[in-house]
1. Return the total of residues in the range 31-47 being out of contact with any Lys or Arg (no Cβ under 9 Å at 6 or more places or on another chain), surrounded by 15 or more Cβ atoms within 10 Å (Cβ to Cβ) and in a helix (DSSP H, G or I).
2. Starting from residues that are touching a residue at least 40 places away in the same chain (Cβ under 8 Å) and not aliphatic (A, V, I, L, M), keep the ones in the range 236-253 and report whichever is surrounded by the fewest Cβ atoms within 10 Å (Cβ to Cβ).
3. Would you list the strands (runs of 3 or more DSSP E) that sit entirely within the range 331-397 and hold 2 or more residues that are under 20 Å from Arg302 (Cβ atoms)?
4. Could you please let me know if Ala105 is away from the ligand (no atom under 16 Å from the Cβ) and either surrounded by fewer than 19 Cβ atoms within 10 Å (Cβ to Cβ) or part of a loop (DSSP other than H, G, I, E, B) (or both)?
5. Scan the range 307-319 and report the pairs whose first residue is at pLDDT 95 or above and whose second residue is of a type in the set (D, E, K, R) and open to solvent by 60 Å² or more (accessible area, probe 1.4 Å), with Cβ atoms within less than 7 Å and a gap of 6+ or a chain change.
6. Specify the residue that is nearest to Pro296 (Cα to Cα); the eligible residues are those in the range 74-100 that are part of a loop (DSSP other than H, G, I, E, B) and either over 18 Å from the mean Cα position of the chain (by Cα) or within 16 Å of the ligand (Cβ to nearest atom) (or both).
7. Return only the number of the condition from (1) within 16 Å of the ligand (Cβ to nearest atom); (2) within 30 Å of Ser37 (Cα to Cα); (3) modelled with pLDDT of 95 or more that Asp345 does not satisfy.
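The values are calculated or read from the model by the stated rules, or taken from the named source; none is laboratory data. Small disclaimer: the values here were computed from a predicted structure and weren't measured. With ideal geometry, Cβ positions are generated from the backbone for all residues, glycine too; neighbour counts draw on all protein chains shown. For accessibility, only protein heavy atoms count, side chains too; no ligands or nucleic acids. Shrake-Rupley method; radii C 1.70, N 1.55, O 1.52, S 1.80 Å.
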Amino acid sequence: MSDTDVVDFEAVRARFPGAAESTYMNTAARGLLMRESRAAIDVMLDARMHEGGDKPMMFEAVESARSRFAQLINAGSEEVAITKNVSEGLNAIIAAIEWRAGDNAVLCLDLEHPNNVYPWRHAARRFGVDLRVVTAVDGIMPVGEMIDAIDDNTRAVTLSSVTFAPGFRTDIAAIGQVCREHDALLLVDGVQSVGVLKTDVAADYIDAMAVSTQKGLLGLYGMGFLYCRNEWAERLTPAYLARFGVDLGDGAHEAALGGDDWRLMPGARRFDLGNYNFMAAAAVNPPLELMLDIGPDKVEARVVSLAHRLAGGLLAMGLPVCGGAPGPHLAGLVAVGEIGAGQHDGTDDPAMQSLFDYLSENNVQLTIRRGILRFSLHMFNNEEDIDRVLELAAQWMRKHNA
Ligand SMILES: Cc1ncc(COP(=O)(O)O)c(C=O)c1O
């Protein structure tokens with residue numbers, strides 16, 4: 001697709017059957033599957049059922065997914081490892097750093113998902129890493145405070161590109177530049193943005209980034225990608241090692257057995273372990289191909305414009321949209337309620353719980369995280385979805401205020 005082509009997003013929507021079956025605003029939990037993903041899994045399952053499985057086809061699916069993902073984030077395919085999920089990718093990097101006495105790591109615990117909190121608490125206990133914790137203000141990643149906390153003993157900085165709640169964007173490049181100056185590794189949890197927003201690891205000075213495939217990448221659970229910049233990968237020693245992480249030469253299966261002259265694979269491939277989640281690789285290829293075909297900038301523009309329409313509409317009704325008027329903080333996620341007024345899947349605010357229940361009863365799919373309602377969008381959403389939610393919210397307001 002060339003730059004001047006107008007994208008037919010209704011044709012894109014038609015490839016996701018689930019988009020017609022509910023008002024689906026739950027990509028932040030898990031995205032919808034394309035028909036083509038189902039078909040690709042079926043082909044693999046048929047081969048597995050009838051012939052025991054077609055291994056070259058399975059590996060082809062993994063390598064296509066790896067190189068498409070690399071292209072999507074402006075990396076080389078040798079800079080991408082295949083993992084199980086975000087947690088595994090983050091832990092792989094943290095455990096591979098050679099921590100020295102006095103090293104510190106900078107992070108904002110308030111805004112990170114628990115899966116990017118416990119690996120750091122663990123590193124503090126295991127390796128004595130000094131955690132320099134900064135505090136979020138109004139749900140925004142405190143870039144200035146993070147930069148101020150970085151010094152020559154900072155070995156790593158971590159952040160989410162978009163937080164899981166309230167879903168605002170982080171100014172990654174500003175922190176990335178400072179990390180580069182201090183030779184600190186910038187580790188990003190990219191799962192709430194990759195596939196939805198355009199990602200350029202080079203422009204943002206990202207050193208490593210972990211994602212899973214079931215959210216914005218519109219694939220299955222149980223597979224993730226770990227980007228690691230070549231220069232950093234060569235300095236990292238994986239905590240786990242198996243066949244695919246070892247440079248065995250030309251596809252040799254057992255060449256290094258017995259010898260002591262083996263080497264780690266160059267780049268991020270040293271983090272690959274054993275056999276892959278081949279079904280999940282088959283499933284993620286069609287959406288990756290579609291995103292590359294449309295262009296990540298066009299996907300982003302579409303999703304962000306829908307998010308603006310939703311946030312603006314809800315705000316005009318007097319609902320407490322986090323972050324207020326739509327602006328540059330907004331990604332593909334619109335959050336409503338008071339941050340921290342509850343937990344996972346429930347809010348302590350009876351009005352917001354009632355709004356959530358009303359929307360759910362009317363076939364809108366969304367989630368509650370940290371006590372706030374989370375409407376999360378992707379390229380299969382359209383204006384009608386937004387207007388349907390605005391209409392339901394208006395009905396709820398009339399009932400609620402009656
Ligand atoms: C920001 C963020 N990180 C991590 C996760 C989950 O991590 P994992 O893929 O390891 O289960 C989620 C959501 O499930 C998330 O929103």
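1. 5
2. Thr237
3. Here the list reads 333-336, 372-376.
4. Details: away from the ligand (no atom under 16 Å from the Cβ): yes; either surrounded by fewer than 19 Cβ atoms within 10 Å (Cβ to Cβ) or part of a loop (DSSP other than H, G, I, E, B) (or both): no.
Spelling it out, it is not the case that Ala105 is away from the ligand (no atom under 16 Å from the Cβ) and either surrounded by fewer than 19 Cβ atoms within 10 Å (Cβ to Cβ) or part of a loop (DSSP other than H, G, I, E, B) (or both).
5. Sorted first by the residue in the range 307-319, then by its partner, the pairs are Arg309/Glu383.
6. Just the residues of the range 74-100 that are part of a loop (DSSP other than H, G, I, E, B), to begin with: 74-76, 84-85, 97-100.
Subset that is either over 18 Å from the mean Cα position of the chain (by Cα) or within 16 Å of the ligand (Cβ to nearest atom) (or both): 76, 84-85, 97-100.
On the way: Gly76: 17, Lys84: 24, Asn85: 22, Ile97: 32, Glu98: 35, Trp99: 36, Arg100: 39 Å.
Once the filter is applied, the top-ranked residue is Gly76.
7. Every condition holds for Asp345 apart from (3).
Results for (1) crowded, with 24+ Cβ neighbours inside 10 Å; (2) within 12 Å of the ligand (Cβ to nearest atom); (3) part of a loop (DSSP other than H, G, I, E, B), shown as yes or no for each residue.
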| site | (1), (2), (3) |
| --- | --- |
| Ile147 | no, no, no |
| Ala173 | no, no, no |
| Gln177 | no, no, no |
| Glu181 | no, no, no |
| Asp204 | no, no, yes |
| Val211 | yes, yes, no |
| Tyr227 | yes, no, no |
